[in-house]
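All remarks here apply to the structure that follows.
Bear in mind that the values in this text are calculations on the coordinates, not laboratory data. Small disclaimer: the values here were computed from a predicted structure and weren't measured. Here the Cβ positions follow ideal geometry from the backbone for every residue, glycine too, while neighbour counts run over all protein chains shown.
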Amino acid sequence: MRHILITCLLILVTFNFGMSQSNDVEFKVLSTRGENRMKSSSGIVTIKTGLAINIDAIVEVVGNGMLGLMYKNGRTLELKNAGEYNVSDLVKQALAKSNSSVSTQYAKYVLAQVTKGNDPVVTKPGKNMGVTGAVMRAMKSSNANSIDVYIPDTEILLESQPVIHWGGIDGATGYTVHIVNMENTILLSQNTSDTFAVIDLYNIPLLKDESLFMVKVQAKGKTNHSLMIPLNISKMDPDNRDEFFDIKNNLDKNSATDWISLALFCQRFNLNVDAYHAYEMAIKIAPDLPEYKSMFIDFKNQVNLKETMEKR
């Protein structure tokens, strides 16, 4: 009887130890470049996408390497400098990015998309992605003086930052984008020397009471202008809106991993134009990461992307 009790106690201790070890997972790997390694009590392993990293581990980033990590609360970190990092110190960095945290459900969603090739839960690309419709549509006119504009092809969320693109006009010294309500009141005039403009809708106070607005692009120094283009506005529910701003306001613009995190959030809520822009930024920063390239390709295939986005 004594031997049976001792055996049961050993099994219970072993089980509890195993559970505590599994609960010690702090980070998962979103992307890796180079022969980066993880050192732990279990030994040394080469880091692969989707790898779980425990609190007692040390990660080593090699020269010219990079490591994109997601903390268990959804925060991302990107390690670009060669050297060894204690995971306990990385946890402090992740917690310092914000006083709040994004949702655990969002973190699970991102991890599922990034590791879908290794995760049996996701059986095919895009299974959990709620993306619909083409990203852009062309608004053209038969008028020779008209500016061709490429606009979002879906309903626009007030919380988003849609990117409006248009064809360049020879001799123009710049462009002005006007946001106008249905009473023909100008809510915003934004000047740019580029052939695109990022519109921060949420920071246009009068727009918060609108459900429809118009966009017009005008060339400076020329008579060319676009048609008045109507766009519908919808709103996120409060919880998702807080989550969205939490991610966006803590975005490190020099981190490809942060841009990917934002892209996946936007993709989840059909902010397709915002997602496209975030993917582009991620690829621009880290063009040699196959994980991010593959995700961008999947996204473009799923939204039935038209040629307008490539030729804008």
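How much length, in nm to one decimal, is gained on full extension between ASP170 and SER211, taken as 0.36 nm per residue of separation minus their Cα-Cα distance?
On the way: separation 41, 0.36 × 41 = 14.76 nm, distance 3.49 nm.
Separation in residues times 0.36 nm, less the Cα-Cα distance, equals 11.3 nm.
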- request: Please name whichever of VAL273, VAL215, ALA286 sits farthest to the positive end of the charge dipole of the range 192-294, dipole taken about the Cα centre and charges placed at Cβ: Lys and Arg +1, Asp and Glu -1.
  value: VAL215
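What FRET efficiency do you get for VAL198 and ILE297 if R0 is 22 Å and r is their Cβ-Cβ distance, rounded to the nearest 0.05? Write out the running numbers ahead of the final one.
On the way: r = 24 Å, r/R0 = 1.07.
Result of the calculation: an efficiency of 0.40.
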task: Work through the residues other than GLN93 whose Cβ is under 15 Å from its Cβ and net out their charges, Lys, Arg +1 and Asp, Glu -1.
output: -1
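Out of all DSSP beta bridges in the range 158-247, what portion is antiparallel? Express it as a percent rounded to 5. Before the final figure, lay out the partial values.
On the way: 21 of 21 bridges.
Just about 100 percent of them are antiparallel.
Looking at this model, which pairs from LYS248/LYS300; LYS222/LYS253; LYS97/LYS253 are more than 25 angstrom apart at the alpha-carbon?
Too far apart for the 25 Å limit: LYS222/LYS253.
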